[in-house]
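The values are calculated or read from the model by the stated rules, or taken from the named source; none is laboratory data. Nothing here was measured: the structure is a model prediction, and the numbers come from that model. All Cβ positions, even for glycine, are placed from backbone atoms using ideal geometry, and neighbour counts span all protein chains on display.
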Amino acid sequence: MRYTISDIHGCPKTFRLALSEINLQPTDELFLLGDYIDRGPDSLGVLEMIWDLEDSGQNLVCLRGNHEEMVLDYANGKRGRYSWAPPPAIKQQTIDWFAALPHYHETPGYILVHAGLNFRSKDPLQEKHAMLWERYWYDDMIFNPDFLGDRIIIHGHTPADMLQIKAGIRHMSRNKYACIDSGCSQVKEGMGYLTVLNLDTQEGAFVRCID
């Protein structure tokens with residue numbers, strides 16, 4: 001099976017519970033769409049879980065989110081100090097890992113990205129800023145489903161309540177996109193869930209935040 005999760009945001013207990021809920025197998029593919037850090041109580045715990053999955057040989061693809069990008073910008077002197085920083089002992093390891101994260105990934109039937117695509121660009125898959133920062137891009141009249149063909153865009157970045165996320169997943173074949181950020185680290189009404197989308201069955205699992 002192929003599963004995707006976005007915006008874990010420092011909630012490792014919830015992330016672990018989500019993987020248990022779907023009974024993740026070594027043969028499964030797991031796609032993580034960025035924003036592993038910040039907001040929640042244990043950003044390093046999330047990174048260590050991901051690194052353990054990588055070390056175990058899990059079939060895993062991790063994308064870059066805007067929060068990882070902000071840490072990179074701070075490390076490169078492009079912004080002031082960010083609210084989360086890796087411990088000194090693993091600072092360079094973390095920065096190098098963030099810097100190696102791709103901005104998008106394609107798997108049969110899907111384009112996976114943290115935030116969105118810019119359909120004003122001649123090649124939306126080359127415009128990296130939108131992949132990290134764009135919100136509500138599908139409301140733009142320039143949105144071009146012909147570019148996608150039979151592919152559906154799955155993204156996070158813009159948290160919504162669980163009912164909206166469920167509706168988006170239900171209609172994603174028609175709309176050609178779905179957001180799976182149900183605000184795991186948020187305390188707003190209807191949020192506070194980590195969504196796991198099964199790309200093969202197009203069904204979502206919703207795990208209440210326990211961090």
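Counting only strands (runs of 3 or more DSSP E) that fall entirely inside the stretch 40-129 and contain at least 3 residues that are closer than 30 Å to Ile210 by Cα and modelled with pLDDT of 95 or more, the qualifying elements are 59-62, 110-113. Of all the residues in the stretch 158-206, those that are among the polar types (S, T, N, Q), under 17 Å from the mean Cα position of the chain (by Cα), at pLDDT 95 or above and part of a loop (DSSP other than H, G, I, E, B) number 3.
Of all residues in the stretch 9-24, how many are outside any loop (DSSP other than H, G, I, E, B) and crowded, with 18+ Cβ neighbours inside 10 Å? Can you show your working first?
Initially, the stretch 9-24 is screened for residues outside any loop (DSSP other than H, G, I, E, B), giving 12-21.
Checking which are crowded, with 18+ Cβ neighbours inside 10 Å leaves us with 12, 14-15, 18-19.
Number satisfying all stated conditions: 5.
Determine whether Asp35 is charged (D, E, K, R) and buried (at least 17 other Cβ atoms within 10 Å of the Cβ). Yes, satisfied.
When you look at Leu47, is it more than 16 Å from Val207 (Cβ to Cβ) and surrounded by 16 or more Cβ atoms within 10 Å (Cβ to Cβ), yes or no? Step through it out loud before you land on a result.
Working: more than 16 Å from Val207 (Cβ to Cβ): yes; surrounded by 16 or more Cβ atoms within 10 Å (Cβ to Cβ): yes.
Yes; evaluated as a whole, the condition is true for this residue.
Scanning the stretch 20-41 for residues that are of a type in the set (A, V, I, L, M) and either in contact with a Gly (Cβ under 8 Å, 6 or more places away or on another chain) or without any contact (Cβ under 8 Å) to a residue 12 or more places away in the chain (or both) yields Leu33, Ile37. Report yes if some residue within the stretch 25-38 is part of a helix (DSSP H, G or I), modelled with pLDDT of 95 or more and not charged (D, E, K, R); otherwise report no. Looking through the stretch 25-38, none of the residues is part of a helix (DSSP H, G or I), modelled with pLDDT of 95 or more and not charged (D, E, K, R).
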